[in-house]
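What follows is calculated from the coordinates using simple rules that are stated; it is not laboratory data. Everything numeric in this text was worked out from a predicted model, so none of it was measured. In this analysis, Cβ positions are derived from the backbone assuming ideal geometry, glycine residues included, and neighbour counts consider all displayed protein chains.
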């Protein structure tokens, strides 16, 4: 038979219980009423937050859960936050999505649709008066890469070079990553480099103004994706998918216009849709742009901002 605890012991036990409950964090039921919309640092945190806050508000109203939009400050922070064991949905480029999905950290819900298409193409561009007429002729060229973790400006062109029989490390006179697609486009227009590769939408203004012309387009590549964490309950994932694929014009113009020019909405997507990116990763081998992504577990802690 157990003896009753002295009063002081009972008080200590009660305090210890309260502390344990506090350290345990929110319960599963509470988690189901909290959702994070995690966003990559496509531009400044304020700009990205402004673009996606209307979507966060739409999700909160449609799902009946609290939705917090948060912008990761850098790639390390994005990878670390995307792997957190909590209900969240992350907006990612195809390259980063396949990295995280292959690690078992994400489940695809829907991908964005622009101008009626849920795919994009990479455009390899040169100056309007450039002597280069074919991709195979770029031997000896000075090539500028844009965004180092963007499939359109890194992974896809490298796969195109392989298919054309080019080895950039051996065949290019110079290759350099300039940090953004805009920088790469301007340096080619200014004759500082001979060619670059960016997504078709980024190249269009330069082509329209006849500053640059397209040497070759890539095959269609699936667009940016919204993917849920495994910790997001299955029922909530279904409702999330329905909420984003249900966005339509004109009733949802405010949400879609905020995300970006030409955005029509979202379409259902599956993991297999991104196998084309996986094949390109395998083709790239050594020197793949995946090398710039920190190995699992090696991401450094970084700053994030609440709020492509």
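Hey, with R₀ at 51 Å, roughly what FRET efficiency would residue 174 and residue 115 work out to, going by the Cβ-Cβ distance, to 0.05?
After rounding to 0.05, the efficiency reads 0.90.
Rounded, prolate or oblate: which fits the stretch 122-218 when a ≥ b ≥ c are the square roots of the eigenvalues of the alpha-carbon gyration tensor, with rounded for a/c under 1.5 and prolate only if a/b beats b/c? Show your work: numbers first, answer last.
On the way: a/c = 1.37, a/b = 1.18, b/c = 1.16.
Verdict is rounded for the stretch 122-218.
According to the square roots a ≥ b ≥ c of the eigenvalues of the Cα gyration tensor, what is the shape class of the stretch 29-166, taking rounded for a/c under 1.5, prolate for a/b larger than b/c otherwise, and oblate for the remainder?
prolate
Please sort 266-276, 131-141 by packing, taking for each peptide the average over its residues of neighbouring beta carbons within 10 angstrom, highest first. Write out the running numbers ahead of the final one.
Working: 266-276: 17.1, 131-141: 14.5.
Going from most to least packed, we get 266-276, 131-141.
Pull up the DSSP beta bridges for the stretch 122-218 and report the antiparallel fraction as a percent, rounded to 5.
Roughly 60 percent of the DSSP beta bridges within the stretch 122-218 come out antiparallel.
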